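Okay, so here's the structure we're looking at.
Each value in this text was obtained by applying a stated rule to the coordinates, not by laboratory testing. This one's a predicted model, so the numbers in the text were calculated from it and none came from an experiment. Note that each Cβ is placed from the backbone with ideal geometry, even for glycine, and that neighbours are counted across all protein chains shown.
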Amino acid sequence: MNNEINVSVMGFAGADAALIENEGKKPYAYFRVGSTSWRGVGEAREQFTEWFTVRTYGELARNCAMSVQKGIPLLIRGRLETDTYQAKDDPAQTRKDLIIRADSVGVEIGRGTVAYTRNPPAAEESAQF
């Protein structure tokens, strides 16, 4: 039995994706996604936004870096993790960050259109044909 928590989140990119490439390591990208829902009933209803840090690796990271821009509606699928850290302004305070280690990122086309561009085959893939 697998003890991972897999999630799907629909939300908006809070910033452009940042790509990190370190020598000898797989590239990764990260960005923030906010997902807003309504809570409560009647006049007590209010909007609540949950923020997630999305991390992607390899080719998906490169594609996110070229495609994810602030404000784009996204669908994210991946494994939910938490990162606990000390607050910079108050080291006695512990904070948590919700992280989605994404295996899939897509544009939610119910809110707009997308022009798709296929990646060229990697050098090792094209050598096989």
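For a straight C-alpha distance cut-off of 20 angstrom, the lysines reachable from residue 96 (same-chain residues fewer than eight places away being disregarded) are 88. Considering only 113, 74, 57, whose Cα is most displaced toward the positive end of the charge dipole of segment 20-129, charges sitting on Cβ of Lys, Arg (+1) and Asp, Glu (-1)? Towards the positive end, the residue furthest out is 113. Between the amide H of residue 108 and those of 74, 75, distances stay under 5 Å, these residues lying 5 or more places away or on another chain, with hydrogens modeled in the peptide plane. Between 0 and 90 degrees, the angle of helix 58-67 with respect to the longest Cα principal axis of the chain falls at about 70 degrees. Remark: segment 72-78, residue by residue, has Karplus-estimated 3J(HN,Hα) of 6, x, 10, 10, 10, 10, x Hz, where x stands for each Gly or Pro and the curve is 6.51 cos²θ - 1.76 cosθ + 1.60 at θ = phi - 60°.
Evaluate the charge dipole of the chain about its Cα centre and quote only its size in Debye, nearest 20, assuming +1 on the Cβ of each Lys and Arg and -1 on the Cβ of each Asp and Glu. Please list the in-between numbers first.
On the way: 16 positive and 17 negative charges, 36 e Å.
With Lys and Arg at +1 and Asp and Glu at -1, about 180 debye.
Helical runs assigned H by DSSP (4 residues or longer) give the chain a calculated mean residue ellipticity at 222 nm of -2500 deg cm²/dmol, each run adding -39500 (n - 2.57) before division by the residue total.
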